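A quick write-up on the structure given underneath.
The values are calculated or read from the model by the stated rules, or taken from the named source; none is laboratory data. Since this is a predicted model, take the numbers as computed values, not measurements. Counting neighbours? That spans all protein chains shown, and the Cβs are built from the backbone with ideal geometry, glycine included.
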There are 2 protein chains.
Amino acid sequence: MYTIKDVAKLAGVSTSTVSRALSGNIPVSEETKTKVMKAVKELNYKPNLMAKGLKEGKSNVIGLIIPDIQNPIFPSIVRGIEDAARNNGFNVVLINTDENIDNEVAAVNMLKNRWIDGFIFATATSTENSKHIYQLIKENIPVVLIIRNIGEDFNSVVTNNCEASYEAVSYMINRGLRKIGIVNGDLNLNLYMERFKGYREALVDNELEVVDEICFNSSNSGLSCYELLKDYFSKEKNRNKIDGIFATNDYKAIEAVRAIKDSGLKVPEDISIMGFDDVKISSFIDPPLTTVSQPFYEIGERSVERLLGLINTKDLTNKKVEVLDSKLIIRNSVI
Amino acid sequence: MYTIKDVAKLAGVSTSTVSRALSGNIPVSEETKTKVMKAVKELNYKPNLMAKGLKEGKSNVIGLIIPDIQNPIFPSIVRGIEDAARNNGFNVVLINTDENIDNEVAAVNMLKNRWIDGFIFATATSTENSKHIYQLIKENIPVVLIIRNIGEDFNSVVTNNCEASYEAVSYMINRGLRKIGIVNGDLNLNLYMERFKGYREALVDNELEVVDEICFNSSNSGLSCYELLKDYFSKEKNRNKIDGIFATNDYKAIEAVRAIKDSGLKVPEDISIMGFDDVKISSFIDPPLTTVSQPFYEIGERSVERLLGLINTKDLTNKKVEVLDSKLIIRNSVI
DNA sequence: TTGAAAGCGCTAACAC
DNA sequence: GTGTTAGCGCTTTCAA
């Protein structure tokens, strides 16, 4: 591996001239520039980014913390982030925390040195559980939250969970459904709270009642969404208490479909299912899922743009929550 | 952010003493060690890994190159790699190339400096398309290939594709199926070649014929697996030419199920489907997929162990292909 | 057991 | 427009 010295020697100039010729933004005569470039090519010289980073006090690396790489929404986000980062000369270090706060704190501490110019988190939960993120801000390290956020405290890029849920449930009501249940996720997460809110408001605005019994939640029962519903429908008296289910993500929707079928009921004839996310597989299951499509790739892109803005200006005082729109995708799982 | 100097000053010792106290493997008196540790804690000092890396000529970072983060087999592999790396004090930089060789070459060049102590590739295709990987070896940079490999030229961790396919197809035959087609992937990839080989050998050993017409391949036709099969079954004369399909991955299997249903046929009553990979969703589709489970997490772990071995010994001459076993998962998509 | 000092590869302030 | 030089934060000789 050659260094800038080797290039300088071969080109017959000083190391600083090489540095300048390569950086481009400091004037160097055309003649020396070509000499330098020739030497660079001849040696196949690649600058040592660690030395550069050490000198400049930055690394051109973004840390991306995601809670569960097995969740199929993240691949699209990651691609948006990587593409945007690549276009701006940044690398992405991806850390998967497995929804484990200790893993996350450890990862952040490990990366918190000059390795990382900023963080993108898709993991924020409660104020309580996000002390390490507050700490980052306190230490003046740029942070952008995506998907999950905590109030107005942070720079973040999220989607219009409440409105999109309102629209989805309203659509179900317009299709004639009157007994719509919900399968929800962890209500400590803002996004599930908001989807719940949208669901309730749509019911109320259409003069339907919110029935506690059919507001299912797999995350506080220890049972999977599949088990919860299978169990519910195993009781004869429950089988006609529901004519539709709003699942707060596609995976839960797919589990719900399975549970309903395994209970001897039909989707959507007996029970309609609305999903949320529009994961790739959703169009292939049976029936193809009617769902809410979130702009994952764009979330990724925007989060990088926002983060680079913070890194460049170093102005972390001006927080802003950016809300992107989701849209309803109509397939065949709602009657 | 504090430096080693700040710690030294606070502890009243020299920077080298701090360095030694922290590294652990050079004798320092208990007394000074406690002084140093106290200062470290007080300042919440974290060593600058870039400076350390610059000095030591290594980075403790592994580059992981994957072709398609949307493919659901990769999340599990990534987790295996991350866990193993983390346990050994390494970070993982994940780059997704989108199956685009230019992206990949660019990524490798970008990372090839001292940023990266070694690479794990899940992208190798043909010798032709893998010149940059050969180049890496030539430059003495440790490389491990996973999932996809190229002959015996590289250190790699793969699964027993041929044997597992043989077993899967034999199982179908034992269940009474006699007209088994295959839906294959890119035959430039060794793994699909081997799955094809296992399929053919199972047929031949059971005195069944390999019928070209029912060896489908979506990657050289420009049509998706879904379109290919839908098209095939739209011709009345084809509808009883097949009683089973061996899909060479679960995604293709799911597409096949959809195509068969959309053609008015039943799975598995009319046509059985065997998948490959055992992706998470496979147990939830209808019918739950009988498939071959690959040890993805373990592949990830092993690849890190192998790579760290190469990094530590710097002996890149001794190539070895490591083959892990897959196993058949019986559900309901084969009769 | 400890401190002083050199140097990893690079950039930028300063001098010319 | 170009060269000289100091220094980013760390580890590791060399000397004491």
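Scanning segment A:60-77 for residues that are more than 9 Å from chain B (Cβ to nearest Cβ) and without any contact (Cβ under 8 Å) to a residue 40 or more places away in the chain turns up nothing. Of all residues in segment B:101-150, those satisfying the criterion of being over 13 Å from the mean Cα position of the chain (by Cα), within 14 Å of chain A (Cβ to nearest Cβ) and of a type in the set (A, V, I, L, M, F, W, C) are B:VAL105, B:ALA106, B:ALA107, B:VAL108, B:MET110, B:LEU111, B:TRP115, B:ILE116, B:LEU136, B:ILE141.
In the condition set (1) part of a helix (DSSP H, G or I); (2) more than 16 Å from DNA strand D (Cβ to nearest atom), A:ASP98 is compliant with all but (1).
Between A:VAL211, A:VAL204, A:VAL169, A:VAL157, the distinction of being surrounded by 20 or more Cβ atoms within 10 Å (Cβ to Cβ) and more than 30 Å from A:ASP315 (Cα to Cα) belongs to A:VAL169 only.
Tell me whether segment A:16-34 contains one or more residues that are more than 13 Å from DNA strand D (Cβ to nearest atom) and basic (Lys, Arg). Within segment A:16-34 (the criterion being more than 13 Å from DNA strand D (Cβ to nearest atom) and basic (Lys, Arg)), the answer is no, since none of the residues qualifies.
For segment A:139-200, the strands (runs of 3 or more DSSP E) that sit wholly inside it and include 2 or more residues that are in contact (Cβ under 8 Å) with a residue 24 or more places away in the chain and over 21 Å from A:GLU255 (Cβ atoms) are A:143-146, A:156-159.
Residues in segment B:29-44 that are buried (at least 20 other Cβ atoms within 10 Å of the Cβ) and either within 14 Å of another protein chain (Cβ to nearest Cβ) or under 15 Å from A:LYS52 (Cβ atoms) (or both): 1 in all. Can you say whether A:PHE233 is farther than 13 Å from A:MET274 by Cβ and touching an Asp or Glu at 6+ places or on another chain (Cβ under 9 Å), as far as the supplied structure shows? In short, yes. Exactly one residue among B:ASP83, B:ASP98 is more than 7 Å from every other protein chain (Cβ to nearest Cβ) and at positive phi, and that residue is B:ASP98. The single residue among A:ASN48, A:ASN60, A:ASN44 that is at pLDDT below 90 and within 12 Å of DNA strand D (Cβ to nearest atom) turns out to be A:ASN48. Within segment A:21-44, the set of residues being more than 11 Å from A:LEU10 (Cα to Cα), of a type in the set (A, V, I, L, M) and not in a loop (DSSP other than H, G, I, E, B) comprises A:ALA21, A:LEU22.
The requirement of being surrounded by 22 or more Cβ atoms within 10 Å (Cβ to Cβ), in contact (Cβ under 8 Å) with a residue 12 or more places away in the chain and over 19 Å from A:PHE216 (Cα atoms) is satisfied by A:VAL279. Apart from one condition, A:SER23 fits all of (1) out of contact with any Gly (no Cβ under 8 Å at 6 or more places or on another chain); (2) more than 9 Å from DNA strand C (Cβ to nearest atom); the exception is (2). Among the residues making up segment B:1-15, those that are of a type in the set (A, V, I, L, M, F, W, C) and more than 8 Å from DNA strand D (Cβ to nearest atom) are B:ALA8, B:LEU10, B:ALA11, B:VAL13. Within segment B:64-87, is even one residue within 16 Å of DNA strand D (Cβ to nearest atom), buried (at least 17 other Cβ atoms within 10 Å of the Cβ) and part of a loop (DSSP other than H, G, I, E, B)? No - not one qualifying residue is present in segment B:64-87. Within segment A:280-312, being in a helix (DSSP H, G or I) and within 14 Å of chain B (Cβ to nearest Cβ) holds for A:LYS280, A:ILE281, A:SER282, A:SER283, A:PHE296, A:TYR297, A:GLY300.
Only one entry of B:LYS9, B:LYS58 meets the criterion of being within 16 Å of DNA strand C (Cβ to nearest atom), out of contact with any strand residue (DSSP E or B) (no Cβ under 7 Å at 6 or more places or on another chain), basic (Lys, Arg) and in a helix (DSSP H, G or I), and that entry is B:LYS9.
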